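First comes the structure, then the notes that go with it.
The values are calculated or read from the model by the stated rules, or taken from the named source; none is laboratory data. Not measured: the values here are computed from a predicted model. Quick reminder, even Gly has a Cβ in these numbers, built from the backbone with ideal geometry, and neighbours come from all protein chains shown.
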Amino acid sequence: MKTGTKKLISLLISLAVILTALPLAGVTAFAEVSGDFGYKILEDGTAKIRSYNGKAESLEIPSTLDGHTVEIIGDNSFSYCNSLTNVTIPDSVTSIGDSAFSHCNGLTSITIPESVTSIGNSAFEKCHSLTSITIPDSVTSIDLMAFEECDSLTNIIIGNGVTIIGEMAFYCCTGLTSITIPGNVKSIGSAAFGHCSSLKSINISNGVETIGERAFSGTAVESVTIPESVVSLGSMAFGNCDNFKKIEILNEDCELNVIGDDSNFEAHFTIYGYKGSTAETYADGWDLQFIPLNEEQSSTPENPTTPDVSGAKGDVNNDGNLSTVDAKWILQNIAGSRTFSNAQFKAADLNGDGKVTTVDAKWVLQTVAGMRTV
């Protein structure tokens, strides 16, 4: 073999060795270990914690690992670390990943710095000893099941940056007795506070726009005011609330879906201020009484002069149409805020049992919805 050829082959082999030592295009991270922490070096040189193998009770997560700034606490990185009782997250961290601290049964407190902007799905799920949490203003969303079944949680402070409380975010936090939703929150997700069985005081601030299905179902709430900003109240939002008596809805244009059923209980409460209604508003077992607010937003019932009319079945206002207004008048008559003439009483008694009850109002609504003919 010629000398020139040998040199060329030698150079090619050397080049191959050098290339295998270099990162390939598109590779963004290296796995590393520093003490009890497993981590990745990301493309920008920052670190993402992948795992923790220590047994500390009180832990201050370092802001750097081997000179690399810790920016992300990765998915599942501290899950099932039962030795942990309190954790401090450094202000270098911007993201807490999915299930990052889930099932840390001994964890009683955790400090989340203002640098964090997102809390992932199930991030603190089933941390059964966690008693309080402050969501900093920097966080914009609390994701799906983030604090599900944190059943010792008694104090939640939601920061001024949060706009979304995700589905089941605080589901089954049975130690929670009161909650204030600040006005910066625009959306409360489905079952966000569902089955918080001790939750009795719910303060929803003006600014909230949508409340999802079963958002507060199964709670101990007795009354609640839905602010004017709310445009949609989801199905069963307060379903299965055995102590529920009154809901005050300040926006008469709020899209009110079915808010209860009779599968487990019967509830009797008053809706103040809500004037619009649809057949889908009602469900069996609910005794709904409409008492519109006056201009000063007082709860004085209206008692208008009732003409002596003789309408067709259900048409108690004798306008020639069977509508939700007729159902409203029937409910007002039951509540004592409207008086019926004999003719109106006969028109209102759709089921012919000689009485005017909520069943008659329900029949009117079912007729309007095309579910029944009279």
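Per-structure values
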| quantity | calculated |
| --- | --- |
| Any strands (runs of 3 or more DSSP E) falling wholly within the range 149-251 and containing at least 1 residues that are surrounded by fewer than 18 Cβ atoms within 10 Å (Cβ to Cβ) and in the same structural domain as Ser129 (by TED's automatic domain parsing) | 155-158 |
| Pick from the range 133-166, criterion modelled with pLDDT of 95 or more and among the acidic types (Asp, Glu), ranking: nearest to Pro90 (Cα to Cα) | Asp137 |
| Residue identified as out of contact with any helix residue (DSSP H, G or I) (no Cβ under 6 Å at 6 or more places or on another chain), aromatic (Phe, Trp, Tyr) and at pLDDT below 85 among Trp363, Trp329 | Trp329 |
